[in-house]
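What follows draws every value from the coordinates through simple rules; no lab data is involved. What you see is a predicted model, and the numbers here were worked out from it, not measured in a lab. Heads up, the Cβs are rebuilt from the backbone with ideal geometry, glycines too, and the neighbour counts pull from every protein chain shown.
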Amino acid sequence: MDYPAEIRIGDRSYDVEYEQVFSGNCSVRIRKKKVILKLSRFAVGKTRDEMVEKFLKWAEKKLASVGGDFIEPVYKDGGVIATHNKIYKLEVEIDSGRANSRAYLDCDVIKVIVPHFDADRIKFLAQKVVMDDQTSYLHEVVDELNQLYFQEVYYACRFKRMDSRFGSCSSKRNLNFAYKLLFAPREVFRYVCVHELAHLKEMNHSKRFWQHVEAAMPNYKEAEGWLSKNGFLLG
């Protein structure tokens, strides 16, 4: 039986990847806009077909339930990268005479010049330009929330490429935020800022920690719910 290579939901498509594992358990997850099915080597024939069908139905239901209140960034020539406060257009130039790649911001246009087409490299360079340009916005939001609700000292505050989490606060009082939050609703982004600022008071998830979060954002559970439901698809 040939299994589908993608799932289409409306005008969006998601690649499906199949992996054979040596354990006796099968599983499915959605990560980085990809549906990953891990199939036990012991699941064969009709059993495997039924397992794949069950997992694909679950994935379709999960993807169909995703909210439409964010715009997925498009990292290709002519693509649009829409953040909370700015919309960037991406222009890609292939210059085979170049030895190195270059990316820079010209007004609201991100210009990427590469010696040959490399989708991952283009995405990496475009993301770096956006992160650099959006650093001042991050500082404005974090400073505002800190002054209003926490009055704590912190040092570095930056966007980073983070896959497994949305933010972090180190023991050295450095704050890191996932670049992908720029494509979440504004209040969700602000919630993660509040969450990490609260760690400056409590480096744990104790009752007192959540009291600090709630004092700054009484409806924080709505933002948490959005991340739980939709966060896996953020760019």
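The loop-placed chymotrypsin sites (Phe, Trp or Tyr not before Pro) in the range 1-89, going by DSSP, that have at most 15 neighbouring Cβ atoms within 10 Å of their Cβ come out as F22, F42. Only DSSP H runs of four or more residues enter the estimate; each adds -39500 (n - 2.57), and after division by the residues of the chain the mean residue ellipticity at 222 nm equals -11500 deg cm²/dmol. Test of understanding: in a Gaussian network model of the chain with alpha carbons linked when under 10 Å, which of V28, V130, V188 would top the mean-square fluctuation ranking? Of the options given, V28 has the highest mean-square fluctuation. Counting only lysines at least 8 places from K207 when in the same chain, those with an alpha carbon closer than 29 Å to its own are K160, K172, K180, K221, K229. Extension gain, K46-Y18: 0.36 nm per intervening residue step, less the Cα-Cα distance, totals 8.4 nm.
Can you tell me what percent of all Cα-Cα pairs in the range 6-64 are more than 15 Å apart? The share of Cα pairs beyond 15 Å in the range 6-64 comes to 46 percent. Remark: the range 137-144, residue by residue, has Karplus-estimated 3J(HN,Hα) of 5, 4, 5, 4, 5, 5, 4, 4 Hz, where x stands for each Gly or Pro and the curve is 6.51 cos²θ - 1.76 cosθ + 1.60 at θ = phi - 60°.
With N as its number of residues, the chain has a Cα radius of gyration that, divided by 2.2 N^0.38 Å, comes to 1.19.
For the chain, which longest stretch is free of loop sites, where a loop site is one of the GluC sites (Glu not before Pro) that DSSP puts outside H, G, I, E and B and that has at most 16 other Cβ atoms within 10 Å? The partial results should precede the final answer.
Working: sites that count: E152, E202.
In short, 1-151.
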